[in-house]
1. Compute the long axis of helix 127-155 from its Cα atoms, compare it with the longest principal axis of the Cα atoms of the chain, and write down the angle in degrees, 0 to 90, nearest 10.
2. DSSP loop (so not H, G, I, E, B), at most 11 other Cβ within 10 Å: list which trypsin sites (Lys or Arg not before Pro) in the range 199-255 pass both filters.
3. Among the trypsin sites (Lys or Arg not before Pro) in the range 1-99, which ones are in a DSSP loop with at most 12 other Cβ atoms within 10 Å of the Cβ? Mind listing them?
4. With the Cα gyration tensor of the chain in hand, give its eigenvalues times 5 under a square root as the equivalent ellipsoid semi-axes, listed largest first in whole angstrom.
5. Taking the Cα centre of the range 180-283 as origin, work out the dipole magnitude from +1 charges on Lys and Arg Cβ and -1 charges on Asp and Glu Cβ, in debye rounded to 20.
6. Rolling a 1.4 Å sphere over the protein heavy atoms, what is the accessible area per residue of the chain, to the nearest Å²?
7. Charges only on Cβ, +1 for Lys and Arg, -1 for Asp and Glu: so what's the dipole of the range 11-106 about the Cα centre, in debye to the nearest 20?
8. Let me make sure I get this right: for the range 188-232, a, b and c are the square roots of the gyration tensor eigenvalues over alpha carbons, sorted descending. Under 1.5 in a/c it's rounded, otherwise prolate if a/b > b/c, else oblate. Which is it?
Amino acid sequence: MKFVPSKTNFDFFGRRHIGYAVTIFFVLASIFSLATKGLNFGLDFTGGMLIEAASSQPVELDKVRGALREKGLDDAVVQHFGSSSEVLVRMPPREGVKQAELSGQVLAAIKGVDAGVEMRRVEFVGPAVGQELVEAGALAIAFVLLGILVYVGLRFEFKLAFGAIQAMAHDVLVVLGFLSFFQVEFDLAVLAAVLAVMGYSINDTIVVFDRIRENFLKMRKASPIDVMNLSINDTLSRTTMTSLTTLFTVVVLFYMGGDAVHGFAYAMIIGILSGTYSSIFVAAALALAMGLKRSDLMKPEKAEAEADQSP
């Protein structure tokens, strides 16, 4: 016997004012955090040195930080990498200090804590390269936004297109706000996650909007709120399953993938949750607030013919 899931009938837009309040809160909180704390740019964007060392036994990070402070390297960021016996040290650029000399000071400080520590790799990114990556990242986001804007503008009526673009902007802003508030390191992997969130957000919104447009043309006597509620409920199972399966993957990456993908997975988790929410309470709600109606989704000549036939 084939299992047929029961049809949901949630009144999403009857409670849309709660959604408005939640949306405004997260948008303002994100803007405030970005304005006051900013993003914690990683070595890819700021330039500097990365040193990876490993030992045969667990290394205590507090002792390593203390040893680095004694050598005047108190601005170093120290963390485990992969396991508790591997240490990753990030240093901002220093004027007048050679790369080999700085890496030697760091290694000597770590060896003072654990004599068995060995250097694995040393990477250096110059300030000019970091600045180029910042500009390239900003251009990447701008081009993606422009491409999506053109696509959505051609596919949907203005009110739906405006809601879709605002929902995507909402998701990116919320992700950046969380990254800023918790000072998650913003590197190239996190930038890739932000771009992925933009694509995920617009894809989820388009699925919902396709059903809204279809139902508006079929349900001639229904009110816009009823049509949009039905459309959201029609796509709810698809949205839920897609979000949960994708979320499960990135949660596993977050806990099991190690430090290299930690920031990427964190940004994706926030983006998936925000994207699912914004498809209903930002994209569709904005279109409804702008007065979306059936005639907006019809071809001009067909809309005029129906208007002439109406009493």
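1. So the helix axis and the longest Cα principal axis differ by about 10 degrees.
2. Those satisfying the criteria are 220, 221.
3. Passing sites in the range 1-99 are 2, 7, 98.
4. Over the Cα atoms of the chain, the ellipsoid semi-axes are 51, 20, 15 Å.
5. So the magnitude is around 600 debye.
6. Value returned for the chain: 53 Å² of accessible area per residue.
7. That gives the range 11-106 a dipole magnitude of about 320 debye.
8. prolate
The values are calculated or read from the model by the stated rules, or taken from the named source; none is laboratory data. Note that this is a predicted model, so its numbers are computed, not measured. Cβ sites come from the backbone with ideal geometry, for glycine too, and all protein chains shown count toward neighbours. Ligands, DNA and RNA are excluded from the accessible area calculation, which covers all protein heavy atoms including side chains. Shrake-Rupley method; radii C 1.70, N 1.55, O 1.52, S 1.80 Å.
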